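The values are calculated or read from the model by the stated rules, or taken from the named source; none is laboratory data. Note that the coordinates shown come from a computational prediction; the quantities given were computed from them, not determined experimentally. All Cβ positions, glycine included, derive from the backbone under ideal geometry; neighbour counts span all protein chains shown. Accessible surface areas use protein heavy atoms only, side chains included; no ligands, DNA or RNA. Shrake-Rupley method; radii C 1.70, N 1.55, O 1.52, S 1.80 Å.
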Amino acid sequence: MEEPKGLSFVEQFVKEKVPDLSEKKLEKQLVNLYQKPILLLCEKSGKVKKKKQKKSLRQCKADLKRALTQNSNYAEYEPLRKMWSEYIREVLYVGGKKQVDMKMAQEVFLKADLHGAVISVVLSNCKHLEKTKGTIITESKNMFQIVTLKNTIRNIPKKNSVFEIIFENLRVTIFGDQFCIKPSQRLTKKFKNYIPV
Amino acid sequence: MGKKKGNQSGSHLQKKDVYQRLNYLYQAAHFAISMQPVNKELSKYYTRTMKTLAQKNVVRLHPHVKRTICKHCDLLLIPGVTCTYRNKGKPKQTVVTCQGCGTFRRYLLNIDNKLWHDKPENIANVVMCNKS
């Protein structure tokens, strides 16, 4: 058989009809013409859209850790402390009364939000944890995160220690062993009136 | 939270402490953005506790409040600081894109569109919070 001169009819047909073929690809296709079938519809190299996944809890905590090292100034959290004292004043003095109901005050502090409170450790098993003081930034199931007066951030575990909050005339002691609950679940939980052995 | 609620004489609000706590967390999230340097992770943490609180206690958030929170990454959306507003055409709409994660929300501009919460016929009672 004589070799055809130039492009044969079939090859020219392929070149016209298949869109978006570069020269290298054309050559490959023409070589395979005599052995394999050619798809005339050009397949788009489509970008498959991946669904954005939400960040896992672990990554969120790592991001928080990294971001908080910049903002460890104790004086910057002043407006947070003011907001907390106003919030608790509204909750304690119910109905415009001037005196605090002592029975209600216990329940109020169990259900209240503690972000922005000034807290101090009174007793604990670890001796070097005592006498730390600061404002609470975040709260999780087992830990408090605190900004201290010396402009550092410390993580304090809740177990095996006793905390204290001072607000105007009141002094509140919190036993950390009974307090190991997520803050969002603390509202619905009922606390027992005795301390189990 | 529902609209700002308070106590008229006779009307009772169940779960008042939940609403007060949600209110406080929302303000704390605004404070976290105003710090220098800007701390986006802290405000995300506060809005996330807000959402889980509302979920655990079966309390619905007002849709105007939900529209200022990004659905994907839980950032507070403040125009100019953390999000961008753009107008596009055909059909005319406003597009709000979050700068943290890139998700956007579209609102069609239509005069007849009104939220159910905004119509004055559907408001039964407005209660104002007590100030001591």
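Listed here are the residues, each with its yes/no results for (1) touching a Phe, Trp or Tyr at 6+ places or on another chain (Cβ under 7 Å); (2) within 14 Å of chain B (Cβ to nearest Cβ); (3) not hydrophobic (A, V, I, L, M, F, W, C).
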site	(1), (2), (3)
A:Ile136	yes, yes, no
A:Val147	yes, yes, no
A:Pro157	no, no, yes
A:Asn160	no, no, yes
A:Phe167	no, no, no
A:Leu187	no, yes, no
A:Phe191	no, no, no
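Scanning segment B:87-132 for residues that are within 14 Å of another protein chain (Cβ to nearest Cβ) and touching a helix residue (DSSP H, G or I) at 6+ places or on another chain (Cβ under 9 Å), which turns out modelled with the highest pLDDT?
Here the answer is B:Gly100.
Based on this model, can you work out whether B:Lys56 counts as out of contact with any Cys (no Cβ under 7 Å at 6 or more places or on another chain) and modelled with pLDDT of 90 or more?
On the way: out of contact with any Cys (no Cβ under 7 Å at 6 or more places or on another chain): yes; modelled with pLDDT of 90 or more: no.
Considered against the rule, which asks whether it is out of contact with any Cys (no Cβ under 7 Å at 6 or more places or on another chain) and modelled with pLDDT of 90 or more, B:Lys56 comes out as no.
Suppose we filter segment A:83-129 for residues that are more than 10 Å from chain B (Cβ to nearest Cβ) and without any contact (Cβ under 8 Å) to a residue 60 or more places away in the chain; how many remain?
Result for segment A:83-129: 19.
Do the conditions hold for A:Leu80, that is, is it modelled with pLDDT of 80 or more and closer than 24 Å to B:Tyr26 by Cβ?
yes
Going residue by residue through segment A:68-89, is there one that turns out to be open to solvent by less than 20 Å² (accessible area, probe 1.4 Å) and of a type in the set (Phe, Trp, Tyr)?
Looking for residues that are open to solvent by less than 20 Å² (accessible area, probe 1.4 Å) and of a type in the set (Phe, Trp, Tyr), one finds at least one in segment A:68-89, hence yes.
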